[in-house]
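Asker: First, the structure itself, so that you have it in front of you.
The values are calculated or read from the model by the stated rules, or taken from the named source; none is laboratory data. Everything numeric here is computed off the predicted structure, so don't read it as measured data. With ideal geometry, Cβ positions are generated from the backbone for all residues, glycine too; neighbour counts draw on all protein chains shown. Calculation scope for accessible area: heavy atoms of the full protein, side chains included, ligands and nucleic acids excluded. Shrake-Rupley method; radii C 1.70, N 1.55, O 1.52, S 1.80 Å.
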Amino acid sequence: MSESEHVRVDGPAEAAPRRRSPLLFLLPLLLFGALAVVFLVGLFAGDASKVPSALIGKPAPAITLTALEGLQRDGRPVPTLAMGDLAAGRATIVNVFASWCAPCRVEHPFLVAMAESPAVKAGRVAVVGINYKDEAENARRFLGALGNPYSAVGVDRTGRAAIEWGVYGVPETFLIGPDGRILEKHVGPLDAQSAGKMLARAMTGR
């Protein structure tokens, strides 16, 4: 055997490097996917519009609001929302809205439909509004273009009243019982189903 063909072995041959399982590379993705599923289930479980409120079952917070200047309905000035009106022996639907709020435009036809319902026409249920951080001219234009479903509108220019009521953002709608206690709070725009359910509950007064 020639010198070039001679192979000298001084020790054991080096072991070949181990190949990592492909599952190790997929593990972070699998964990992320599992967390995403858990998050989505928690996010969408239940009705997101039914946000728990510490005020449910309690009297509506006392607030002082001014009337929306220049707003008229049937040729007469629309009065401000007075707290005494919320405990007048009939249910009241209180809608927090603003002219700059896009979802408010989406829900507005359902408020107008509520105002045209026999229960509201007969005075068994009232629909009133709180105008939130808005300009009077813009609010009047908003109601003039889309219709005014409110028998009273109070102006919350600073947003202080909304804080007292625990408002997250506009639109929000409260159902007040005949005794002035808050029965229900709906966060976000009303649709046909939620508006119908709220009106039906308002008619029962509880």
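Asker: Would a scan of segment 188-196 turn up a residue that is out of contact with any helix residue (DSSP H, G or I) (no Cβ under 6 Å at 6 or more places or on another chain) and open to solvent by less than 10 Å² (accessible area, probe 1.4 Å)?
Answerer: So far as segment 188-196 goes, no, none of its residues is out of contact with any helix residue (DSSP H, G or I) (no Cβ under 6 Å at 6 or more places or on another chain) and open to solvent by less than 10 Å² (accessible area, probe 1.4 Å).
Asker: Given the condition outside any strand (DSSP E or B), touching a helix residue (DSSP H, G or I) at 6+ places or on another chain (Cβ under 6 Å) and among the hydrophobic types (A, V, I, L, M, F, W, C), answer yes or no: does some residue in segment 131-149 qualify?
Answerer: Looking only at segment 131-149, we keep the residues that are outside any strand (DSSP E or B), and these are 133-149.
Imposing the further condition that a residue be touching a helix residue (DSSP H, G or I) at 6+ places or on another chain (Cβ under 6 Å) reduces the set to 146-147, 149.
Next, from what is left, pick out any that are among the hydrophobic types (A, V, I, L, M, F, W, C): 146.
Yes, there is a match, as at least one residue in segment 131-149 is outside any strand (DSSP E or B), touching a helix residue (DSSP H, G or I) at 6+ places or on another chain (Cβ under 6 Å) and among the hydrophobic types (A, V, I, L, M, F, W, C).
Asker: Tell me, yes or no, whether segment 120-132 has at least one residue that is open to solvent by 40 Å² or more (accessible area, probe 1.4 Å) and under 15 Å from residue 176 (Cβ atoms).
Answerer: There is at least one residue in segment 120-132 that is open to solvent by 40 Å² or more (accessible area, probe 1.4 Å) and under 15 Å from residue 176 (Cβ atoms).
Asker: Inspect all residues belonging to segment 71-88 and state whether any of them is part of a loop (DSSP other than H, G, I, E, B), free of Cβ contacts under 8 Å to residues at least 24 places away in the same chain and more than 25 Å from the chain's Cα centre (by Cα).
Answerer: So the first thing to find is which residues in segment 71-88 are part of a loop (DSSP other than H, G, I, E, B), and the list is 71, 74-75, 78-82, 88.
Filter once more, so that each one left must be free of Cβ contacts under 8 Å to residues at least 24 places away in the same chain: 74-75.
Right, trim to more than 25 Å from the chain's Cα centre (by Cα) and you get 74-75.
Yes: segment 71-88 contains one or more residues that are part of a loop (DSSP other than H, G, I, E, B), free of Cβ contacts under 8 Å to residues at least 24 places away in the same chain and more than 25 Å from the chain's Cα centre (by Cα).
Asker: Then there is this: Of the residues in segment 157-186, how many are part of a strand (DSSP E or B), out of contact with any Leu (no Cβ under 7 Å at 6 or more places or on another chain) and open to solvent by less than 30 Å² (accessible area, probe 1.4 Å)? Outline the logic, then answer.
Answerer: Our first condition is that a residue be part of a strand (DSSP E or B); within segment 157-186, this holds for 172-176, 181-186.
Checking which are out of contact with any Leu (no Cβ under 7 Å at 6 or more places or on another chain) leaves us with 172, 174, 181, 185-186.
Going one step further and asking which of them are open to solvent by less than 30 Å² (accessible area, probe 1.4 Å), we end up with 172, 174, 185-186.
Residues flagged as part of a strand (DSSP E or B), out of contact with any Leu (no Cβ under 7 Å at 6 or more places or on another chain) and open to solvent by less than 30 Å² (accessible area, probe 1.4 Å) within segment 157-186 amount to 4.
Asker: Now a separate question. Taking residue 135 as meeting all but one of (1) farther than 22 Å from residue 65 by Cα; (2) out of contact with any strand residue (DSSP E or B) (no Cβ under 9 Å at 6 or more places or on another chain), write down the number of the exception.
Answerer: (1)
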